[in-house]
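No value in this document is a laboratory result; all are computed from the given coordinates. Since this is a predicted model, take the numbers as computed values, not measurements. Here the Cβ is made from the backbone with ideal geometry for all residues, glycine too, and neighbour counts use every protein chain on show.
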Amino acid sequence: MDDHQTIAALAALAQPTRLRTFRLLVEREPEGVPAGELARLVDVPQNTMSAHLATLSQAGLVRGERQSRSIFYHVDLDRFRAVMVYLLQDCCGGNPSLCAPLISDLTPCCPPGEETQAC
């Protein structure tokens, strides 16, 4: 990850429809969401959603997977994690006690390795 890639990812998310779409896709992992359903859920025309998905795809944040006649979209959680790690790799000058609250906030209801319905 470098500055250019991180800026592209952040710029892609710096638009309300794309941010909403990204968050919706995060909620729907791992099954993904067909492009037409995304447009309906976000309440935008399909051609508009297509443009937003193209921007998110170019930034590496989402990927499309053809299933029969539909394209299902998924977030690329590895890429998103790389962006977050890049932003935080020098967190708090290496002082772990300053970073602890941030790390705690980034640890949601689903610790790694645990799969529950609540997540």
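Miscellaneous remarks
- Counting only Cβ charges, +1 for Lys and Arg and -1 for Asp and Glu, the dipole size of the chain around its Cα centre is about 460 debye.
- Backbone phi angles across region 89-96, fed through the Karplus curve with coefficients 6.51, -1.76 and 1.60 (θ = phi - 60°), yield HN-Hα couplings of 4, 10, 3, 6, x, x, 8, x Hz in residue order; Gly and Pro are listed as x.
- Choice from ALA12, ALA100, ALA51 showing the highest fluctuation, given a GNM over the chain with Cα pairs closer than 10 Å: ALA100
- Options LEU106, VAL26, THR48, ranked by Cα towards positive dipole end of the chain, top entry (Cβ charges): THR48
- Estimated inter-spin distance, ALA82 and GLU27, nm [label 7 Å along Cα→Cβ]: 2.8 nm
- Once the gyration tensor of the Cα atoms in region 3-77 is diagonalised, the equivalent ellipsoid follows with semi-axes of 19, 13, 11 Å, ordered largest first.
- Ranking LEU13, PHE72, LEU61 by Cα position along the charge dipole of region 3-77, where only Lys, Arg, Asp and Glu carry charges on their C-beta atoms, puts PHE72 farthest toward the positive end.
- Residue with peak Gaussian network fluctuation, the chain [Cα springs, cutoff 10 Å], from PRO34, PRO96, PRO45: PRO96
- Radius 14 Å from Cβ of MET1, net charge of other residues (Lys, Arg +1; Asp, Glu -1): -3
- Only Cα pairs under 8 Å and 6+ residues apart enter the sum, and on that basis the relative contact order of the chain stands at 24 percent.
- Calculated [θ] (222 nm, deg cm²/dmol) that DSSP helices of n ≥ 4 give over the chain, each run adding -39,500 (n - 2.57): -17000 deg cm²/dmol
- Gaussian network model of the chain, springs between alpha carbon atoms under 10 Å - residue of GLN46, GLN67, GLN58 with greatest fluctuation: GLN67
- Extension reserve of the ARG20-THR48 stretch, reckoned as 0.36 nm per residue once the Cα distance is removed: 8.7 nm
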